[in-house]
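**Student:** Next up is a structure, given as structure tokens.
The values are calculated or read from the model by the stated rules, or taken from the named source; none is laboratory data. This is a predicted model, so every value here is computed, not measured. Methodologically, a virtual Cβ is constructed for each residue, glycine included, from the backbone with ideal geometry; neighbour enumeration extends over all protein chains shown.
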Amino acid sequence: MILTDDQRSVLETAQRFSREALAPFYQAREEQERIDPKLMETMGELGLIAPETPEELGGLGLDSVTSGLIAEALAYGDFSMAYVPIMGSLMTKLLSSYAEPAVAAEWVPRIVKGRSLIAVGLTEPRGGSDAANLVLRAEKCPGGYRLNGEKTSITGADQSDGVVLFARTGSKEAGARGVTAFFVPTALKGISATRFRDVGSRILGRGSLFFDDVVVPEDHRLGDEGGGFVQVMQGFDFTRALLGLQCVGAAQASVDESWRYIDQRQAFGEKLSAFQGVTFPLAEAETMLAAIRQLCLHTLRLRDAGLPHTSEAAMCKWLGPKTAVDIIHQCLLTHGHYGWSLDLPHQQRMRDVMGIEIGDGTAQIMKMIIAGQKGAEARSRN
């Protein structure tokens, strides 16, 4: 891909930061189980969080492709830390598009500068994939809305400064048309959080948020009452392409390490790189990563051009994590008994990436989206 001068400059900054600040301490940070606030702020100072945000709100006003390049570059050094700018891109887009101007002016610059982490409150204990069938209610009250209920499986639940929350304001029969989105600062009275014990992405953490008579000001509603769900869900097409590139970055790191390893390790009087049984899986991995990378960048270019990209984004979201997990697994095996060790990063990358096969929409949901889109296109041509 031919990059513009701006894209090349930002990419070089992201790669240098990833190589020097993230990669050397990737495994050590897992033991901390917290996002390093200094790293977040440094990413913000370098312009690596939501660079597509308008300049008047603290961003650089760049394109979506640049955000994708950053996601891959940072994930190469630390998969979990790359999630911070990805969520930043989603949240700044949602707030700048649907929040009241005063709310956006207060919070968007804080996100871009790496001073605030915002979470998504969509999943509920009774189900995750059926996102429009929510139970948590937002009842009108003097000055705003009163929230009661639980949201679960929230990345960064116990270390976020706010949450974009989906709550039911209409009848259950109304489905998605009865759901409204809100921006809820987690410092509000009546909010508490828990943390789960997860397999991977431990510095981010995942947990539940509980809302006990929490009053959200009316000006913190995002979009129209009863219509915010449809409006806000469109933003996820952006992050699905970014998540695909995040997975590519982590897998590429393991592949690069494997090439170096087989050029040093010997067996039967030859370097491992002399054996096709060792090199062919890595050659296949390079091919698949190049293909997924181009799919994700193509999706972001469609977004920048204002063209539909929902099905392409869904393709990125299911193919990227699945392929990355398979590739990292193969790299672990390529390292033999060394790979089967907590001392090498392959096992951690595999655990971290695996979570994206579940979160933000499973492969089955993504395939349903693709099938629905393509089926509609086919019918329109008949």
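**Student:** Being over 20 Å from GLY162 (Cβ atoms) and in a helix (DSSP H, G or I), is that true of even one residue in the range 86-96?
**Tutor:** The first filter runs over the range 86-96 and keeps only residues over 20 Å from GLY162 (Cβ atoms), leaving none.
Looking for residues that are over 20 Å from GLY162 (Cβ atoms) and in a helix (DSSP H, G or I), one finds none in the range 86-96, hence no.
**Student:** When you scan the range 248-257, do you find a residue that is without any contact (Cβ under 8 Å) to a residue 40 or more places away in the chain and over 30 Å from ALA193 (Cα atoms), even just one? Can you show your working first?
**Tutor:** Just the residues of the range 248-257 that are without any contact (Cβ under 8 Å) to a residue 40 or more places away in the chain, to begin with: 256.
Checking which are over 30 Å from ALA193 (Cα atoms) leaves us with 256.
Within the range 248-257, one or more residues are without any contact (Cβ under 8 Å) to a residue 40 or more places away in the chain and over 30 Å from ALA193 (Cα atoms).
**Student:** Condition (residue is within 19 Å of the chain's Cα centre (by Cα) and under 18 Å from PRO54 (Cα atoms)) applied to the range 116-131: is it met by at least one residue?
**Tutor:** yes
**Student:** Another question, if that's okay. Please list, ordered by residue number, the helices (runs of 4 or more DSSP H) wholly in the range 334-382 having 1 or more residues that are acidic (Asp, Glu) and crowded, with 18+ Cβ neighbours inside 10 Å.
**Tutor:** On the way: elements: 336-339, 346-354, 363-381.
By residue number, 346-354.
**Student:** With respect to the numbered conditions (1) within 28 Å of HIS309 (Cα to Cα); (2) crowded, with 24+ Cβ neighbours inside 10 Å; (3) modelled with pLDDT of 95 or more, which one is the sole condition not fulfilled by SER18?
**Tutor:** So SER18 meets the others, but not (1).
**Student:** Looking only at the range 190-211, count how many residues are under 25 Å from GLU100 (Cβ atoms) and touching a residue at least 24 places away in the same chain (Cβ under 8 Å). It would help to see each step written out before you state the result.
**Tutor:** As a first pass, look at the range 190-211 and keep what is under 25 Å from GLU100 (Cβ atoms): 190-191, 209, 211.
Applying the additional criterion that residues be touching a residue at least 24 places away in the same chain (Cβ under 8 Å) yields 190, 209, 211.
Qualifying residue count, the range 190-211: 3.
**Student:** Now a separate question. Taking MET40 as the residue in question, decide whether it is outside the structural domain of HIS346 (by TED's automatic domain parsing) and either crowded, with 24+ Cβ neighbours inside 10 Å or not aliphatic (A, V, I, L, M) (or both). Break it down stepwise before answering.
**Tutor:** Working: outside the structural domain of HIS346 (by TED's automatic domain parsing): yes; either crowded, with 24+ Cβ neighbours inside 10 Å or not aliphatic (A, V, I, L, M) (or both): no.
When the stated conditions are applied, MET40 does not pass them.
**Student:** Filtering the range 171-191 down to residues that are touching a Lys or Arg at 6+ places or on another chain (Cβ under 9 Å) and of a type in the set (A, V, I, L, M), which residue is surrounded by the fewest Cβ atoms within 10 Å (Cβ to Cβ)?
**Tutor:** Only one residue tops the list, namely ALA174.
**Student:** Check whether at least one residue in the range 192-199 is within 30 Å of ALA75 (Cα to Cα) and crowded, with 20+ Cβ neighbours inside 10 Å, and report yes or no.
**Tutor:** no
**Student:** Further, regarding this structure: Which one of these does LEU302 not meet: (1) part of a helix (DSSP H, G or I); (2) free of Cβ contacts under 8 Å to residues at least 60 places away in the same chain; (3) out of contact with any helix residue (DSSP H, G or I) (no Cβ under 8 Å at 6 or more places or on another chain)?
**Tutor:** All conditions are met except number (3).
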